[in-house]
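Chemist: After the structure tokens below, expect a handful of questions from me.
We did not get these values from a lab; they are worked out from the coordinates using the rules stated. On a predicted model such as this, the values are computed, not experimentally measured, just so you know. In this analysis, Cβ positions are derived from the backbone assuming ideal geometry, glycine residues included, and neighbour counts consider all displayed protein chains.
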Amino acid sequence: MTLDKVQVVDVDDSCPHLPLVEGGTARAVIWPGTGARYRSMHLFELDPGGRTVEMRHPMEAVYYVIEGDAVAKDLRTGEQHRATMGGMIFVEPETPYVIRTDGNSTRLVGGPCPPDPSLYAGLTSVADARSVKLDELGWESIDAKLRKCVVDGERMTLTRYSFDPGGRFPHHVHDQEQLTYVLFGNITFLIDGVGHDLDAGSLVVIPASVPHSAEAGPKGAEVLSVVSPARTGAHGVEMLEEE
């Protein structure tokens, strides 16, 4: 859901604790529970000798050292990188790592970008339960014949697509499972090389990592598509050559 306001988030009891630290605390400050879709910011306060748990994300992560010294260890290569106060740590996608203190207490802020939904399993917030009127969501144009509006949950993403006659979503693949329900019109999905003609009331289930595309018929179409786990923006979507 697109936010239409600026938020100021104080680090207080409203920021949920994350089980990411051994010897200290970690709190989610900016995360999907605050409506964030493209960025996460977590505050880590490590006691002397404290460290994070082993982490690995499908997206990159960045941390800024507010106070003290931190050592980031690449668990894949064993390399260790020291960051002093004012320094930053960058972690490439799919890199297993831990961050520990270098003797004294250390405070750092940062996290994966976009947010990693796996970090928030089991968390609750005032943002978890909400009602949304799809007709009031703003449309985002993908191209001249295709528009979308998006609602993000913690573990799934719902997208409403509106296709003009002949509008199409190009051949692509992603690592989320997808369910698409046709509200009206007709549309043809090409899924792993096989065509599926759908009309209003039809539902298609597309397994994760299976290439697919969609093209609306002569009357256009509107569909609701749900992917799980949640997807932020176009993260994890790979466009393919057309079949």
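Chemist: Using alpha carbon coordinates only, what is the Rg to Rh ratio of the stretch 143-229, with Rh defined as the Kirkwood radius?
Modeler: So for the stretch 143-229, dividing Rg by the Kirkwood Rh gives 0.94.
Chemist: Using a Gaussian network model of the chain whose springs link C-alpha atoms within less than 10 Å, name the residue from Val223, Val21, Val53 with the highest mean-square fluctuation.
Modeler: Val53
Chemist: Then there is this: Treat each spin label as a single point 7 Å out from the Cα along the C-beta direction, and report the His81 to Leu179 distance in nm.
Modeler: Using points 7 Å along Cα→Cβ, the separation is 4.1 nm.
Chemist: Which residue, Ala214, Ala121, Ala28, has the most motion in a Gaussian network model of the chain that connects Cα atoms within less than 10 Å?
Modeler: Of Ala214, Ala121, Ala28, the most mobile in the Gaussian network model is Ala121.
Chemist: Looking only at Arg160, Arg76, Arg147, which one moves most when the chain is put into a Gaussian network model with springs between Cα atoms under 10 Å?
Modeler: Highest fluctuation of the listed residues: Arg76.
Chemist: How high is the FRET efficiency from Ala144 to Phe90, r the C-beta distance, R0 51 Å, rounded to 0.05?
Modeler: It comes out at approximately 0.85.
Chemist: Using 0.36 nm per residue of separation minus the Cα-Cα distance, give me the extension gain between Arg56 and Val205 in nm, one decimal.
Modeler: Once the chain is fully extended between Arg56 and Val205, it gains 50.8 nm.
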